[in-house]
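The values are calculated or read from the model by the stated rules, or taken from the named source; none is laboratory data. Treat the numbers as computed from the prediction; the structure is a model and nothing was measured. Positions of Cβ are generated from backbone atoms using ideal geometry, with glycine treated the same way; all protein chains shown enter the neighbour counts.
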Amino acid sequence: MTVHDDLLDRVRDRLAADAADPTPDVIAAAIRAESRGMLGDTDLLAALRFLQTELIGAGRLEQLLGDPDVADILVVGPDNVWIDRGAGLQRTDIRFDGEHAVRRLAGRLALNAGKRLDDAQPWVDGQLVGVGRRGHTVRLHAVIPPVAHDGTCISLRVLRTATRNFDELVALGAIPDDTVPVLRGILAARLAFLIVGGTGSGKTTLLGSLIGAMAHTERILCVEDALELDPPHPHIVRLVARTANVEGAGDVPVRALVRQALRMRPDRIVVGEVRGAEVIDLLTALNTGHDGCAGTLHANSTAEVPARMEALAALGGMARAALHSQLAAAVQVVLGVARTPGGNRGLTEIGVVSRGDDGLVRIRQVWTRRSGFAESAAQLDELIRTRSR
């Protein structure tokens, strides 16, 4: 006989009522019980494979998460599954049995992340445990109909741990040779810096390499919303934010961890990504004697940093004038990274923070990958020389 959908539904219901983990033995026992011994070995194995795919890990997306080159998996309804290996989106041949199958997977992944996904809460944002490649964090975002008009949408982002060191990035061309003395000078002079760029542009990779090049006698507190930084440095203390559970409790935001880091005797504080009101706490930290701090920020270019910081500071109630005053005193250098047309990622801009007569901060371009060093490079050289005394 063939494996019928009603049998599989009964097995799902039985497993859902069972507190045991859905191991192969547990699934096989549930199939035998619901089929009352009427399934042959072939049908039993077929049902077991199907239910393992449907009930364990990321289901049909698990094979994509197992690909070391896949950075993003995007699902829109049952017939559209896309991946990004770093050179743009590619459509896969993976298909789901219907909208109900995509929604069931989204709900299971939401539970894995400790969140709820239903009509009352039609979207979810969280981090997955026990799926995909070992050692990597997978960030989940999902939206269900009717909010998602074209069917349940699932977005999975593989957050690879940034482990490349400074010399490796130089060898790969991600850090151009002519910028090496400047970057080492920035670190030695303990200038505070921000790394900016778009999604997947290599901000965290560059940040991790620069942390690894910092003096090994320094204690560095890293604060992240997802564990990505693993720099080759002997004295790293990593604090990772936590989102609320399904009951809405247990939230530990980045902003709270930045304040805790201040009490842990840091030589430098590094914020993996500034994306909200924690920018106020970071600027406060930078203005309390903690030189050489760093962070990353989403921005398309170094010139956009002041406007981007204004928007984030407004979330915490900081006025524009106050933000520019704090920023001018706290940050000296901005590094821009981007993905090139060929798919490579690396440093593309270096800017220095400058405050005009109107009190507003602007970023003066010191170096670009296309044009090399500008006349304003003398300002950065002088800053490095002065702070290195």
Go through region 357-389 and give me each residue that's touching a strand residue (DSSP E or B) at 6+ places or on another chain (Cβ under 6 Å) and among the small types (Gly, Ala, Ser). Ala374, Ser376, Ala377
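One line per residue, one yes/no per condition, for (1) in contact with a Ser or Thr (Cβ under 7 Å, 6 or more places away or on another chain); (2) at pLDDT below 85; (3) part of a helix (DSSP H, G or I):
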{"site": "Leu51", "(1), (2), (3)": "no, yes, yes"}
{"site": "Glu54", "(1), (2), (3)": "no, yes, yes"}
{"site": "Gly57", "(1), (2), (3)": "no, yes, no"}
{"site": "Val75", "(1), (2), (3)": "no, no, no"}
{"site": "Ile83", "(1), (2), (3)": "yes, no, no"}
{"site": "Asp93", "(1), (2), (3)": "no, no, no"}
{"site": "Ala101", "(1), (2), (3)": "no, no, yes"}
{"site": "Gly107", "(1), (2), (3)": "no, no, yes"}
Looking at region 247-262 only, could you name the residues that are in a loop (DSSP other than H, G, I, E, B) and surrounded by 15 or more Cβ atoms within 10 Å (Cβ to Cβ)? Pro253
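Taking region 109-121, which residues are in a loop (DSSP other than H, G, I, E, B), under 17 Å from Arg139 (Cβ atoms) and not aliphatic (A, V, I, L, M)? Step through it out loud before you land on a result.
Filtering region 109-121 for residues in a loop (DSSP other than H, G, I, E, B) gives 113-121.
Among the residues that remain, those that are also under 17 Å from Arg139 (Cβ atoms) are: 113-115, 117.
The answer is Gly114, Lys115.
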When you check Asp69 against the structure, is it modelled with pLDDT of 80 or more and either crowded, with 17+ Cβ neighbours inside 10 Å or within 22 Å of the chain's Cα centre (by Cα) (or both), yes or no? yes
Report yes if some residue within region 263-276 is of a type outside the set (D, E, K, R), out of contact with any strand residue (DSSP E or B) (no Cβ under 7 Å at 6 or more places or on another chain) and either under 20 Å from Ala322 (Cα atoms) or not in a loop (DSSP other than H, G, I, E, B) (or both); otherwise report no. yes
Taking region 277-308 on its own, how many of its residues are in a loop (DSSP other than H, G, I, E, B), closer than 21 Å to Arg238 by Cα and over 22 Å from the mean Cα position of the chain (by Cα)? 5
Selected residue [in a strand (DSSP E or B), out of contact with any Asp or Glu (no Cβ under 7 Å at 6 or more places or on another chain) and either over 30 Å from Asp79 (Cβ atoms) or small (Gly, Ala, Ser) (or both)] from Leu221, Leu169, Leu206: Leu221
Condition set part of a helix (DSSP H, G or I) and in contact (Cβ under 8 Å) with a residue 24 or more places away in the chain, scope region 309-322, selection surrounded by the fewest Cβ atoms within 10 Å (Cβ to Cβ): answer is Ala321
Can you pull out the residues in region 72-84 that are under 20 Å from the mean Cα position of the chain (by Cα) and either closer than 14 Å to Ala101 by Cβ or surrounded by fewer than 19 Cβ atoms within 10 Å (Cβ to Cβ) (or both)? Asp72, Leu74, Val75, Trp82, Asp84
Can you find even one residue in region 188-201 that is of a type outside the set (S, T, N, Q), under 26 Å from Thr137 (Cβ atoms) and either without any contact (Cβ under 8 Å) to a residue 60 or more places away in the chain or outside the structural domain of Ala328 (by TED's automatic domain parsing) (or both)? no
Give the residue, chosen from Arg184, Arg219, that is under 25 Å from the mean Cα position of the chain (by Cα), surrounded by fewer than 20 Cβ atoms within 10 Å (Cβ to Cβ), outside the structural domain of Gly86 (by TED's automatic domain parsing) and within 26 Å of Thr386 (Cβ to Cβ). Arg219
Unique residue being touching a residue at least 24 places away in the same chain (Cβ under 8 Å), on the phi > 0 side of the Ramachandran plot and not polar (S, T, N, Q) when the list is Gly248, Gly292, Gly272: Gly292
If you go through region 161-182 one residue at a time, how many are under 19 Å from His233 (Cβ atoms) and touching a residue at least 40 places away in the same chain (Cβ under 8 Å)? 10
Kindly check whether there is at least one residue in region 215-226 that is free of Cβ contacts under 8 Å to residues at least 60 places away in the same chain, in contact with a helix residue (DSSP H, G or I) (Cβ under 7 Å, 6 or more places away or on another chain) and among the charged types (D, E, K, R). yes
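Here's the yes/no breakdown for (1) under 21 Å from Thr199 (Cβ atoms); (2) modelled with pLDDT of 90 or more:
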site	(1), (2)
Leu335	yes, yes
Leu360	no, yes
Arg364	no, yes
Ala378	no, yes
Arg387	no, no
